[in-house]
Amino acid sequence: MKTILIPVEDHNTMDAVMNCAVLLAQKFGSYIEGAALGPDFTEIAASDFAFSGMIFDEKTRLQLLDGAMRKFETFMLSHGLKRLGEVQTGASFGWLGAQLMTDKNMGEYGRVFDLIAVGKPDNVTNGARSLTFESALFESGRPILIVPPQMVTGLGSSIAIAWNGSSETARSVAFAMPLLLGAADVQVLNVPHSRLTGPSADELVRNLRRHGVAARTVPMEAGSKAPGAALLEKAKLLGADLLIKGGYTQSRLREMIFGSVTSEILAETRLPVFMAH
């Protein structure tokens, strides 16, 4: 977790995203890089960027870039981080440069980082956009941290894993190993109603313990609640401050039509979610 990328845009979860990144940077001595999100001229009409009625010219581009950079740097400095080059060790930050990046470009650029921190997708006015989340998840090949609007004071002390035996969740757990090794408690929850074949929660716990992770199995029975809601409720009762979940086990088209545990969690979570696909 030594390098963290933050796509910076003016939405209602931006401070919470930067806050979580700072907590991780302080834990691991990480470098955080900010980069401004924005459309290119050819895709404005086809995107969900909020540019209705706005003339997107060079002046507008510079305003977006400057606003994003100021927001990012002000937050980092106010939380005690030093600019890259001013400190040899410990948490630091930097800015990508004088360019706006599309969601797709940001996902591609994220391939050289250990983690990408994004806001939880929300359809409300000024909410974080789903395209940013999707590009980070599907284009980067790296894990992402999905942050809800609620500010947190700690991250990674008590971790819940939503285990369904899938390869996506296995990759998420592998990427999260630095966090798991530092956690005081790791609860492995079997996803209710999961029909996937694969190792059990007990088998995952046994192998995590071999790495020195303080893991334990927490049984979950299938009930009347949707699986995503049941997992979030259980994680809250256990005092988890982070949820690890694989991203979209079914085909993306089926997810869009029928929904999924991933979609349920994204819609309802108040916990940061660590996810890979």
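The values are calculated or read from the model by the stated rules, or taken from the named source; none is laboratory data. Every value quoted in this text rests on a predicted model; they were computed, and no experiment measured them. Methodologically, a virtual Cβ is constructed for each residue, glycine included, from the backbone with ideal geometry; neighbour enumeration extends over all protein chains shown.
Mind listing whichever residues of the stretch 135-179 are without any contact (Cβ under 8 Å) to a residue 40 or more places away in the chain and either crowded, with 21+ Cβ neighbours inside 10 Å or in contact with a Pro (Cβ under 8 Å, 6 or more places away or on another chain) (or both)?
135, 140, 165
Looking only at residues in the stretch 98-114 that are in contact with a strand residue (DSSP E or B) (Cβ under 8 Å, 6 or more places away or on another chain) and either not in a helix (DSSP H, G or I) or not assigned by TED's automatic domain parsing to the domain that holds residue 62 (or both), which one is surrounded by the fewest Cβ atoms within 10 Å (Cβ to Cβ)?
Among them, the one singled out is 99.
Mind counting the residues in the stretch 125-134 that are crowded, with 22+ Cβ neighbours inside 10 Å and part of a helix (DSSP H, G or I)? Explain how you work it out, then say what you get.
Step one: filter the stretch 125-134 for residues crowded, with 22+ Cβ neighbours inside 10 Å, giving 128-129, 132-133.
When the remaining residues are screened for being part of a helix (DSSP H, G or I), the result is 132-133.
Total satisfying the criteria: 2.
Kindly indicate which of 93, 75 is outside any helix (DSSP H, G or I), touching a residue at least 40 places away in the same chain (Cβ under 8 Å) and touching a helix residue (DSSP H, G or I) at 6+ places or on another chain (Cβ under 8 Å). Talk me through it step by step, then tell me what you get.
Values: 75 fails: outside any helix (DSSP H, G or I).
Checking each option against the conditions leaves just 93.
Could you grab me the full set of residues in the stretch 204-250 that are in a loop (DSSP other than H, G, I, E, B), free of Cβ contacts under 8 Å to residues at least 40 places away in the same chain and either touching a Gly at 6+ places or on another chain (Cβ under 8 Å) or aliphatic (A, V, I, L, M) (or both)? Steps first, please.
Within the stretch 204-250, the subset in a loop (DSSP other than H, G, I, E, B) is 211-214, 219-226, 238-241, 247-250.
If we keep only those that are free of Cβ contacts under 8 Å to residues at least 40 places away in the same chain too, we end up with 211-214, 219-226, 250.
Listed by number, the residues that qualify are 213, 214, 220, 222, 226.
Quick check, is residue 117 without any contact (Cβ under 8 Å) to a residue 60 or more places away in the chain and not assigned by TED's automatic domain parsing to the domain that holds residue 260?
The answer is no for residue 117.
Among residues belonging to the stretch 99-142 that are among the charged types (D, E, K, R) and closer than 17 Å to residue 175 by Cα, point out the one that is modelled with the lowest pLDDT. Spell out the reasoning first.
Taking the stretch 99-142 first, the residues among the charged types (D, E, K, R) are 103-104, 108, 111, 114, 120, 122, 129, 134, 139, 142.
The next check asks that each one be closer than 17 Å to residue 175 by Cα; those that pass are 111, 114, 139, 142.
Numbers: 111: 98, 114: 98, 139: 94, 142: 97.
Here the residue is 139.
If the requirement is being closer than 24 Å to residue 174 by Cα and at pLDDT below 85, which of these qualifies: 228, 259, 247, 223? So that I can check it myself, show each step before the final result.
Values: 228 fails: at pLDDT below 85; 259 fails: closer than 24 Å to residue 174 by Cα; 223 fails: closer than 24 Å to residue 174 by Cα.
Testing whether each residue is closer than 24 Å to residue 174 by Cα and at pLDDT below 85 leaves just 247.
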